[in-house]
Structure formats: C-alpha cells, structure tokens
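The values are calculated or read from the model by the stated rules, or taken from the named source; none is laboratory data. Note that this is a predicted model, so its numbers are computed, not measured. For neighbour counting, all protein chains shown are included, and Cβ atoms are generated from backbone atoms with ideal geometry for every residue, glycine included.
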Amino acid sequence: MEVNELRVNVWRGGADGRFQQFAVPRRASQTVLDVVTYIQRRLDPTLAYRFACRVGMCGSCAMTVNGAPRWTCRTHVDRVARDGALEIAPLANMPVVRDLVADMREFFDKWAKARGQFTPTRTRADEFAVVKPASRQRMEADAGIECIGCGVCYAACDVVKWNRDYLGPAALNRAWTLANDARDGGQKARLHAVAGDAGCHSCHTTMSCTELCPKKLSPTRSISGLKRATLAIVLRGEDGE
Amino acid sequence: MKPARNHPAYWAFLVHRVSGIALALFLPLHFFVLGRAIDGEAALDGFLRWSHRPAVIAAEWVLITLLAAHLAGGLRLLALEFLPWRDWQKTLAALAAAFALLAGLAFALAR
C-alpha cells in the first residue's frame, strides 16, 4: 500500500455486517465525507451512505469515525486518522439500514415525544410578540437553537444505550429552547413530557453530547435547565394539575 | 476507554460512580468495627492495633481519597444541576479532582 494512501475500514451490511477495507488516496484538506464519496464513486458504487449539503448545515452525514460520532463533511482526515487508518461505521444507538446509513426515525420520534413542536398562541391578526434579545429566556433559547439534528449527541449518549426509552440530548435540547419561547403555549404539557423516567432526570451528566456536538452546543446545559424547571413545578405544587 | 467517552466529564462521572459504590461497600465494614466495641474494649483495641499495619493505612488513604472525590464530585453535580449554567464545567471537575488529591495528601501526611 502506498504511503499517501489511507486504509479505510467501512461497515458493510446491516446490524450483522462486517468491515470491508479500502485504499483511498490521501488528499490535502480531505474530509471523511470526501473519503466515503471516493469509495462510492470510484471503488464500490453499492456503498450506501447519506449526505446532502456538505457544508455542516443539514445534519445528514454523521457517522462513527474511529469510535466517535462525527459530522463527516466538516471532519478533516488529519484530525481523526490514526496511523493512516480510518474506521467508519453507522451512528450508534440507532438501527442500521445498510452500510453507513442509520435509521433515524426513533431519534426524531423522540423529538415529538418531548413536545418539540411549537404551540402557537397568536394568530396572524395579532401583533408580533416582542422578545428582547438580552432577556434571560431569549439567551437560554439562543444557546441551544442552532441544533442541526445530526444525531451525534444521541449516538454518543450512554444513557440512550442503557435506557432505550430515554428521549436523548437532542430532543431535550429542543424542548428546552421551546420552554424558553415566550410565544409558546404548550409549556405545561412539554415539561410533563420531559419529566418522566425517560426524560431529563435520567441524564447522568456524562456530557459526551456536549463534548462531541459539532455545533458546540451543550445539551447538558439544556437538560439541567429542564431539571430545574420541572423541579420548580413540583415545589410550586403545580405537578398534580 | 472508547474515544467517545475519553473526556474529563466522563471520567468525573466514572469516579463519582465507582467511589460511591466503594463507599457503600465500606459502610458495613465500618459498622462491623464499631460493633466490636459492644464485645468489650479489648476486642475493639485488638482490631485497632491490627489496623495500624501499613497495608491497612494504605487502604484507609484510598478510602479517604474516594470519600473526598465523592464529596467534591457530588457538590460539582449539585452546582451543575441547580445553579445557573457555567461553561467551565471541566474546570469544576478539575477542582473536584484537586480537592480529592489534596485531602488524600493531607491524610497521608497526618499519618
């Protein structure tokens, strides 16, 4: 094998699949997605993987790279290759569809379970809601709002592995951004939805989500906010309603 | 350690869990020793003399360090969950580790 080649082990098949090795030419500023695309375009067109924007906006290209979940379009080979080798697998904690494609249905279903939908309180006939950018609530929402739904945090979370019902960092982060939306009318139902055994109080603060989030968000921060908000409801005696 | 887990917050989580389990296992032993006092002064003194062996003192040092780690780690978790968020969570974990090591060192110097 040439020195300027990468040894790339790529997961093939479903859950009971295996790794297949490819040799890929090393390039300057090469991303992991470039490597996967090279394999699919030049070496094996049957390789299944998912991507769309290639610029870190769509959240569709996340995979497990050398043991850690990463967004592959913005992950440079320089940063993650070890001794000229890469191991690329589908995201953990999700069923494998085929090769590098993970089934994200459960991941997004949990957003819905966490009441991640905006519940409007005004009509188009009403005035705009005035939300001050410097208000505490707006700043809390801002801290988590840039999530692209890539599933990296969900794949990195051990609590998801241990408790399959756990809503996961991304869904809880979404719930917290909405909990801080002054225009939203679904707060009580949302906090009730995230307070159960599969909700925010199951988080063990291992913070792998925060460590690996490609957008540098902190789902742990959001989850701790939900913990305080749900506790406040209990202390105020409003949990029985 | 898997690459996804190899970061300070995960280590802090592990130390907190392992120290908690170790302390829970130690408690019955602690009560057993206290219970020896019921059998008379001689029985307790005999055990306490045995506990002055270097290996037992070393085990005591480990215990003190684990206790300090669990205390500081617990305070870190309470701060994380009940106080407004701080972005320097790794610094808090490092402070908790420093407190545990200092407590262990102080015990070692005192013995």
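The residue that is nearest to residue B:11 (Cα to Cα), counting only those in the range B:39-92 that are in contact with a Leu (Cβ under 9 Å, 6 or more places away or on another chain) and loosely packed, with under 13 Cβ neighbours inside 10 Å, is B:86. Residues in the range A:4-33 that are free of Cβ contacts under 8 Å to residues at least 60 places away in the same chain and surrounded by fewer than 18 Cβ atoms within 10 Å (Cβ to Cβ): 12 in all.
Given the criterion under 30 Å from residue A:55 (Cβ atoms) and not basic (Lys, Arg), identify the matching residue among A:235, A:217, A:191. Just a single option satisfies the conditions, and that option is A:217.
For (1) modelled with pLDDT under 95; (2) away from chain B (no Cβ under 14 Å), each residue gets a yes or a no:
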position	(1), (2)
A:72	no, yes
A:82	yes, no
A:97	no, yes
A:129	yes, yes
A:143	no, no
A:148	no, yes
A:153	no, no
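For the residues A:85, A:134, the requirement of being assigned by TED's automatic domain parsing to the domain that holds residue A:202, of a type in the set (A, V, I, L, M) and either out of contact with any helix residue (DSSP H, G or I) (no Cβ under 8 Å at 6 or more places or on another chain) or touching a residue at least 40 places away in the same chain (Cβ under 8 Å) (or both) singles out A:134.
Tell me the helices (runs of 4 or more DSSP H) entirely within the range A:170-241 that contain at least 3 residues that are at negative phi and facing chain B (nearest Cβ under 9 Å).
The qualifying helices (runs of 4 or more DSSP H) are A:208-212, A:219-235.
For the range B:18-38, the criterion of being touching a helix residue (DSSP H, G or I) at 6+ places or on another chain (Cβ under 6 Å), modelled with pLDDT of 95 or more and within 14 Å of another protein chain (Cβ to nearest Cβ) is met by at least one residue. Against the conditions (1) within 14 Å of chain A (Cβ to nearest Cβ); (2) surrounded by 16 or more Cβ atoms within 10 Å (Cβ to Cβ); (3) in contact with a His (Cβ under 6 Å, 6 or more places away or on another chain); (4) over 30 Å from residue A:64 (Cβ atoms), residue B:96 satisfies every one except (3). Between A:108, A:118, the distinction of being surrounded by fewer than 20 Cβ atoms within 10 Å (Cβ to Cβ) and within 22 Å of residue A:214 (Cα to Cα) belongs to A:108 only.
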